[in-house]
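One structure is given here, and the rest of the page talks about it.
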């Protein structure tokens, strides 16, 4: 029985992946490098320092991953603060349905806690999520299951009673390693990637219904 649904954030709840792409493209172009979709997909869903380590190694840059991360974060923060952001289609309706059904809600995102709090607040969802676990709270990022196992512990639930909503392959791996159900809603950057480990793949959060969750977990 599913007692909680755990949401990833970037690319699932909100299209911040476009902001990250714009920010990291600027960092790459400043150094005469090209930021490709393939590299984007390798970095997606990972903790900031890990993703920037991949970025540094692939583009053979001199700066440390931390220096690159700080530069990216500054650009990203400016974009986030200057832009109007909206919940992705289906998010608010799904949260409402889960709330009415008594299913608990949580966020487990590789993003920094400050970014998560800004987005939750701007969506008017303060208090909506019982537990929020960020990349700041764990030692190992996705695809390690630590972030999902920690979320389950803070909810006081067994992993098998949790369902994860993800948009990136590393997140799916993390969820399944944690022993949780996982539904994938690919974003514009993760379309066509390998989601064979997921329990099912849907087009968007609009397709995630209580019936789907029930049928998936009881089959």
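The values are calculated or read from the model by the stated rules, or taken from the named source; none is laboratory data. Keep in mind that this is a model prediction, so the values were computed, not measured. All Cβ positions, even for glycine, are placed from backbone atoms using ideal geometry, and neighbour counts span all protein chains on display.
From (1) surrounded by fewer than 24 Cβ atoms within 10 Å (Cβ to Cβ); (2) farther than 19 Å from residue 134 by Cβ; (3) in contact with a helix residue (DSSP H, G or I) (Cβ under 6 Å, 6 or more places away or on another chain), pick out the condition that doesn't hold for residue 169.
Against the list (1) surrounded by fewer than 24 Cβ atoms within 10 Å (Cβ to Cβ); (2) farther than 19 Å from residue 134 by Cβ; (3) in contact with a helix residue (DSSP H, G or I) (Cβ under 6 Å, 6 or more places away or on another chain), residue 169 comes up short only on (3).
When only residues in region 1-18 that are in contact with a strand residue (DSSP E or B) (Cβ under 9 Å, 6 or more places away or on another chain) and not in a loop (DSSP other than H, G, I, E, B) count, which is surrounded by the most Cβ atoms within 10 Å (Cβ to Cβ)?
6
Select from region 10-39 the residues that are in contact with a helix residue (DSSP H, G or I) (Cβ under 6 Å, 6 or more places away or on another chain), more than 13 Å from residue 75 (Cβ to Cβ) and touching a residue at least 24 places away in the same chain (Cβ under 8 Å) and list them in ascending order.
10, 11, 13, 14, 33
So, of the residues in region 161-174 that are touching a residue at least 40 places away in the same chain (Cβ under 8 Å) and over 11 Å from the mean Cα position of the chain (by Cα), which turns out to be farthest from residue 148 (Cα to Cα)?
161
Six or more apart or on different chains, Cβ atoms under 6 Å: show the pairs whose first residue is in region 54-73 and assigned by TED's automatic domain parsing to the domain that holds residue 42 and whose second is assigned to a loop (DSSP other than H, G, I, E, B) and modelled with pLDDT of 95 or more.
59/33
Looking at residue 45, is it within 14 Å of the chain's Cα centre (by Cα), surrounded by 14 or more Cβ atoms within 10 Å (Cβ to Cβ), on the phi > 0 side of the Ramachandran plot and not assigned by TED's automatic domain parsing to the domain that holds residue 212?
yes
Looking at 57, 101, 86, 34, can you tell me which residue is surrounded by fewer than 17 Cβ atoms within 10 Å (Cβ to Cβ) and modelled with pLDDT under 95?
Sole residue among the options that is surrounded by fewer than 17 Cβ atoms within 10 Å (Cβ to Cβ) and modelled with pLDDT under 95: 86.
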